[in-house]
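The values are calculated or read from the model by the stated rules, or taken from the named source; none is laboratory data. Just so we're clear, the structure is a prediction, and the values are computed from it rather than from any experiment. Cβ atoms come from the backbone with ideal geometry, glycine included; neighbour counts cover every protein chain shown. The protein model used for the area step is the full one, side chains on, heavy atoms only, and it has no ligands, DNA or RNA in it. Shrake-Rupley method; radii C 1.70, N 1.55, O 1.52, S 1.80 Å.
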Amino acid sequence: MLHYFLKKRVVDPAVLDDVLVNGRRFYSFSDEPFIPVEFAVAAYRMGHSMVRASYDYNRVFREGGVTPATLDLLFRFSGRSGGGADVPIPSDWIIDWRRFFETRTADGPSLGASRKINPLLATPLQNIPPTVGSLAVANFLRGAARGLPSGQAVAAAMSISPFTAGDFGAAAPHPDSVITASGLGDATPLWYYILKEAELAGGEHLGAVGSRIVAEVFVGLLQGDPESFLAQQPTWTPTLGGVAGTFEMSDLLRYVGDLNPIGDAVPA
């Protein structure tokens, strides 16, 4: 999780290395670690921008096929977001993990990448059924209710040069236009600031503020857990896996024989 997930896919690798080598600068705790509100309500909600509207899910539910795996289907099958399940989960709704994790093999289906980290949400998340409405609006309201500081204030507290109203240059329908029209270019809600920061950095990982919050919290949680490898043996490296010293999700799925439970062949 620390190296495969955080370092390679979520945060700026240099920030994580700095936290591991030089220690945490902002996230501290007394007896037990906790989840700070800046992480729960803002920084780690970056995952909302990475969600796709549909997925190449397995041999039955294929993106671009007759029946893609859409978020609408997911909501209907799971009954989440405030509504009851409309239909039972079908037996062919079994995930083909090869389409979601790198397997280091040349055969098999193409890997489906997540969306880049930026302020743009997939269309279904702009109107989550049936009672939530826009996920972006819900995140803004939740941040305001928790009294979160602006992104610029957090950047200043971390001695990171904040960006300003001049960096919100996109016109409608880009949500930057809402930020500028609302006069929030210099006091941006933290959730949006972190997404915009990631966009300005290319969208492949979080920017300086987002990376610092997520990296320090994850490292702190591991260091505060007396049974974690960072607490017991921080220099430990995995001995299982396809590449020496690494153990990725595909290695775990291959180890338990669960890479593609539904199989490739269509039953006669």
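Only Lys, Arg, Asp and Glu carry charge here, each on its Cβ (+1 for the first two, -1 for the last two); on that basis the chain has a dipole of about 320 debye about its Cα centre. Annotation: Cα Rg of the chain relative to the compact-globule expectation 2.2 N^0.38 Å equals 1.11.
Report the full-extension gain for the segment Arg104 to Leu141: residue separation times 0.36 nm, less the Cα-Cα distance, to one decimal in nm. Each step should come with its number before you reach the end.
Values: separation 37, 0.36 × 37 = 13.32 nm, distance 4.22 nm.
Gain in length upon complete extension: 9.1 nm.
Database remark: amide H of Thr70 closer than 5 angstrom to the amide H of Tyr55 (H placed geometrically; neighbours at sequence offset of 5 or more, or on other chains; Pro and chain starts carry no H). Taking each DSSP H run with n ≥ 4 as -39500 (n - 2.57) and averaging over every residue of the chain yields -9000 deg cm²/dmol at 222 nm.
Among rounded, prolate and oblate, which fits region 192-268 when a ≥ b ≥ c are the square roots of the eigenvalues of its C-alpha gyration tensor, a/c under 1.5 means rounded, and a/b larger than b/c means prolate?
Working: a/c = 2.76, a/b = 1.30, b/c = 2.12.
Note, shape of region 192-268 comes out oblate.
Note that region 14-62 presents 52 Å² accessible area per residue, ligands and nucleic acids not counted, probe 1.4 Å.
Normalised by 2.2 N^0.38 Å, where N counts its residues, the alpha-carbon radius of gyration of region 111-243 equals 1.28.
Here the chain has 56 percent of its accessible surface on carbon and sulfur atoms, given a 1.4 Å probe and all protein chains in place.
Which order do the peptides 91-102, 209-220 come out in when sorted by mean C-beta neighbours inside 10 angstrom, highest first?
Answer by packing, highest mean first, reads 209-220, 91-102.
Cβ-Cβ distance of Thr237 and Asn22, R₀ of 22 Å, FRET efficiency by 1/(1 + (r/R0)^6): the value works out to about 0.60.
What FRET efficiency comes out for the pair Ala157/Ser134, r = Cβ-Cβ distance, R0 = 35 Å, nearest 0.05? Don't jump to the answer; show the numbers that get you there.
Details: r = 29 Å, r/R0 = 0.83.
Between Ala157 and Ser134 the formula returns 0.75.
Counting Cα-Cα pairs of region 217-256 in 10 Å increments starting at 0 gives whole-percent bin shares of 29, 37, 34, 0.
Lys/Arg Cβ at +1, Asp/Glu Cβ at -1, dipole of the chain taken about the Cα centre: which of Gly210, Ala106, Phe140 is farthest positive-ward? So the residue we want is Phe140. Only Lys, Arg, Asp and Glu carry charge here, each on its Cβ (+1 for the first two, -1 for the last two); on that basis region 88-194 has a dipole of about 160 debye about its Cα centre.
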